[in-house]
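Asker: So that we are looking at the same thing, I have put the structure below in structure tokens.
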Amino acid sequence: MMNHPTEEGSAIIIGASLSGLMTAISLAQEGVNVTVLDKVSDKQRTGAGLKVDSGGLELSKTARLLRKLASGGKSSVQLWSSIEKRLRKEAEKNSKISLIYHSRVESIDQNENYASVMTEAGTHYKTDILIGADGHRSLVRQYIAPNNPDATYAGYIVWIIDPINESIIAKKQDTSHLQTGVQMLSGLNGFMFGSVLDDKDEEGNRRIGAAWYDNSRTEVLRKVGAVTNNIVNHSLDGLDIPEGLIYELKQDASNAWPEPFLTATLHALDTRQLTGIPIKEYVPQKLCDGRIAIIGDAAHVPAPITASGFNESLNDAVALGKAVSKGIKGDMAINALKIYEADRLNKVKRMVQSGQSFSRSFGRL
Ligand SMILES: Cc1cc2nc3c(=O)[nH]c(=O)nc-3n(C[C@H](O)[C@H](O)[C@H](O)COP(=O)(O)OP(=O)(O)OC[C@H]3O[C@@H](n4cnc5c(N)ncnc54)[C@H](O)[C@@H]3O)c2cc1C
């Protein structure tokens, strides 16, 4: 199956998360017909809060559009799910973009004339360019950088406390004095970014969440198989956290965090509404090979302390759009991806390296 052959050319993007959706919008702005494949279902997903940069003076129309969709027009921390919802809505209404969920890509390849994708269900696609937006364990990265394929464990975990409604905390204490925004707190075995999110319900209640950076769990992460050697295999979903660890986390939280973040943390531990993300890092040496390129966390995995992963993914999407603007038919596709790599490689390398110096001092392997 050829993916919409047109004069403007076609792209397949693997991954319909934030980077994949932003790249789809950016490429469609340049007239490219885009198919986005994701292994997950189309059900709305949840995630952490992200600080979206205001971006200063955006030069291009695409950068302004993506920044507006990501930030919702506000300069505060945004819920991952709110950003995803706005980007998905924009992609769905664009006739040049097809979003296909429940479609796991098993292998990729290329020849002189096209790149190709094979899905688990046996569907074969051919396309002018293939973009891996498939996250930190990217299949596409394995193809592009077989000698440097894996992000490595940085020695700590971040517990993402799902934001709770302010009204739950207001039952215990007055929350009206709490300022919207993020504050950093230090405690036992780490520190916390507590967020009061300006994401109101119908009654005007905000949401309160937190990200707890914890460098004391490497042993248990290895024991439950989340980390093997220096590779992160998976995150810890709240429901999969062993009972004993929940107990320890409650004890540690009670000794470390002030209100309202303590109540939010204990509530998340009681209801298992949290995710533990073992932190990993990846410094790229390459971003493309022929007609195939990587963007977002597939291309670079910085420590979250840099608060740059998402913002640089947005810059990748804008740069890729600019690089394809002269066309991607025939050999022009290869040239366009080289332009993208030349624009982005050194910038994203520096971004990941800036976080590595923090990880070396905080992480415990
Ligand atoms: C704790 C934490 C806090 C963060 N805070 C910030 C912040 O404040 N500011 C900031 O800028 N960034 C932050 N980031 C980084 C940011 O979340 C990511 O960089 C950004 O969301 C880009 O992710 P992505 O779309 O590239 O990858 P992902 O979100 O990982 O998406 C990859 C997608 O690919 C799909 N996929 C994978 N393999 C296949 C396959 N074989 N076939 C089909 N589909 C596949 C997956 O299902 C998934 O949907 C943070 C990250 C973490 C972990």
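Asker: Hey, any hits in segment 147-167 for a residue that's out of contact with any strand residue (DSSP E or B) (no Cβ under 7 Å at 6 or more places or on another chain), closer than 30 Å to N205 by Cα and not hydrophobic (A, V, I, L, M, F, W, C)?
Answerer: Scanning segment 147-167, I find at least one residue that is out of contact with any strand residue (DSSP E or B) (no Cβ under 7 Å at 6 or more places or on another chain), closer than 30 Å to N205 by Cα and not hydrophobic (A, V, I, L, M, F, W, C), so the answer is yes.
Asker: Could you check segment 12-49 and list, in sequence order, the residues that are more than 11 Å from the ligand (Cβ to nearest atom), farther than 14 Å from R86 by Cα and among the hydrophobic types (A, V, I, L, M, F, W, C)?
Answerer: Correct list: L27, A28, V32, V34.
Asker: Could you tell me which numbered condition P258 fails, if it satisfies all but one of (1) exposed (fewer than 13 other Cβ atoms within 10 Å of the Cβ); (2) in contact with a helix residue (DSSP H, G or I) (Cβ under 6 Å, 6 or more places away or on another chain)?
Answerer: (2)
Asker: Please enumerate the residues belonging to segment 123-145 that are modelled with pLDDT of 95 or more and open to solvent by 50 Å² or more (accessible area, probe 1.4 Å).
Answerer: H124, K126, L139, Q142, Y143
Asker: Another question about this same structure. Which residues, taken from segment 95-108, are surrounded by fewer than 15 Cβ atoms within 10 Å (Cβ to Cβ) and either within 16 Å of the ligand (Cβ to nearest atom) or in contact (Cβ under 8 Å) with a residue 40 or more places away in the chain (or both)?
Answerer: Listed by number, the residues that qualify are Y101, H102, R104, E106, S107.
Asker: If you don't mind, there's one more thing I want to ask. Count, please, the residues in segment 171-194 that happen to be closer than 13 Å to T263 by Cα and either in contact (Cβ under 8 Å) with a residue 12 or more places away in the chain or assigned to a strand (DSSP E or B) (or both).
Answerer: 4
Asker: Do the conditions hold for E219, that is, is it farther than 30 Å from A342 by Cβ, out of contact with any Cys (no Cβ under 6 Å at 6 or more places or on another chain) and free of Cβ contacts under 8 Å to residues at least 12 places away in the same chain?
Answerer: yes
Asker: Could I ask something else about it? Within segment 291-307, does at least one residue satisfy the condition of being in contact with a strand residue (DSSP E or B) (Cβ under 7 Å, 6 or more places away or on another chain) and hydroxyl-bearing (S, T, Y)?
Answerer: no
Asker: Among the residues of segment 109-155, what is the count of those that are without any contact (Cβ under 8 Å) to a residue 60 or more places away in the chain and either aromatic (F, W, Y) or in a strand (DSSP E or B) (or both)?
Answerer: Within segment 109-155, residues that are without any contact (Cβ under 8 Å) to a residue 60 or more places away in the chain and either aromatic (F, W, Y) or in a strand (DSSP E or B) (or both) number 3.
Asker: Same structure again: S308 passes all but one of (1) at pLDDT 95 or above; (2) within 13 Å of the ligand (Cβ to nearest atom); (3) polar (S, T, N, Q); which number fails?
Answerer: Status for S308: all satisfied but (1).
Asker: Looking at this structure, is S167 of a type in the set (G, A, S) and either under 18 Å from the mean Cα position of the chain (by Cα) or part of a strand (DSSP E or B) (or both)?
Answerer: no
The values are calculated or read from the model by the stated rules, or taken from the named source; none is laboratory data. All values reported here derive from a predicted model rather than from experimental measurement. FYI the Cβ positions are ideal-geometry reconstructions off the backbone, even for glycines, and counts take in every protein chain you see. All accessible areas refer to the heavy atoms of the entire protein, side chains included, with ligands and DNA or RNA removed. Shrake-Rupley method; radii C 1.70, N 1.55, O 1.52, S 1.80 Å.
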